[in-house]
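I have placed the structure first, in the form of structure tokens, so that the comments after it can refer back to it.
The values are calculated or read from the model by the stated rules, or taken from the named source; none is laboratory data. Everything quoted here is computed from the prediction, not taken from an experiment. No Cβ is skipped: glycine too gets one built from the backbone with ideal geometry, and neighbour counts run over all protein chains shown.
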Amino acid sequence: SSRQARLTSYFAGFGCVFMVIPSVLIGAVAASTDWNQTSYGLPTPNERGESSMILPIVLQYLCPTYVSVAGLGAIAAAVMSSADSALLSASSMLAHNIYRKILRKKATEKEVVCIMRVSMVAFGAAAGGLAFYSHSIYDLWFLSGELVYALLFPQLFCVLFIPNTNTYGSAAGFLFGFLLRLLAGEPSLKIPPVIHYPGCSLVDGVYIQLFPFKTFTMLLTLGTIVAVSYLVAFLFKRNILPHGWDVCSVIKESEASVPLPEIDEQVAKLSMLTCRCTITAPRLFSHLPPLTLLGIEEGSYAHLGTVAA
């Protein structure tokens, strides 16, 4: 439920704080170690520019062999598990949430499985290309966390606290936020900024954005989701846009047809007249427009007349 998801998000935040403690301890041990007394020797990992590899270095040179083997194996297993889970989830979302629910609603299971396999290969190739193109896996990890904050956090916030948002707003917010983030530049991928926010400066050939553009992008993404969701819902409910264009089926059938003023007036008259017990049923309904406009079959007139009487 939404309540359970909200509580899980809260506890996950506290869990991330506690999970930082082992990393801090390992870094403190590496910083206080006399590396000259180990087979690693001098200079230190920090001086060699290998601080990003401090965890496997600590496991290899500061731990017994069995601990080193078990630790490195656990790291490799965790990395592979995270990678295949990410590929599987991405391909599943593309096949089920986009292909089957939007592009081809009558797709068979065989088609969905084929799309999942093709998308998994495509996503894997893209991830491999990013890994070879980037100089640091930590830069990619930081970039992924940043994209989650700027693009996916507004989606989660809307799901939990703004339930009237819909698929159109979600897609528009994601695309708009991604475009803004891309135009702000990314040094780890050697993408120069197109939008120079206040405080942007060039330092050693790299553009530095001092403006909090990531939070700014997140807020604009959130506003876009809400604005587009309400705008699209208004256009469909007021019949400004034809219902056939609602490819995502966000407007329910019961909500898609908005009663006209004449029908509303008939409903109000019917509610008032059914309370007047002195008026007979035939006379009651003879002064009203055809009840077929209200979606009432002719065979149910007698029942309505009995209730009114």
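Being without any contact (Cβ under 8 Å) to a residue 24 or more places away in the chain and closer than 27 Å to Met80 by Cα: is that true of Ala126 here? For Ala126, the condition - without any contact (Cβ under 8 Å) to a residue 24 or more places away in the chain and closer than 27 Å to Met80 by Cα - is met. When Ser229 is tested against (1) touching a residue at least 60 places away in the same chain (Cβ under 8 Å); (2) of a type in the set (Gly, Ala, Ser); (3) not in a helix (DSSP H, G or I), exactly one condition is not met: (3).
All of Ala95, Ala5 fail the test of being assigned to a helix (DSSP H, G or I), within 29 Å of the chain's Cα centre (by Cα) and touching a residue at least 60 places away in the same chain (Cβ under 8 Å), apart from Ala5.
Criterion applied to Pro198, Pro154, Pro193 was being in contact with a Leu (Cβ under 9 Å, 6 or more places away or on another chain), of a type outside the set (Asp, Glu) and part of a helix (DSSP H, G or I), and the one residue passing it is Pro154.
Among the residues of region 6-56, those identified as loosely packed, with under 12 Cβ neighbours inside 10 Å and of a type in the set (A, V, I, L, M) are Leu7, Ala12, Val17, Met19, Val20, Ile21, Val24, Leu25, Ala28, Leu42.
Within region 72-89, the set of residues being farther than 19 Å from Ala122 by Cβ and within 18 Å of the chain's Cα centre (by Cα) is empty.
Only one of the listed residues (Phe132, Phe161) is surrounded by fewer than 15 Cβ atoms within 10 Å (Cβ to Cβ) and not assigned by TED's automatic domain parsing to the domain that holds Trp245. That residue is Phe132.
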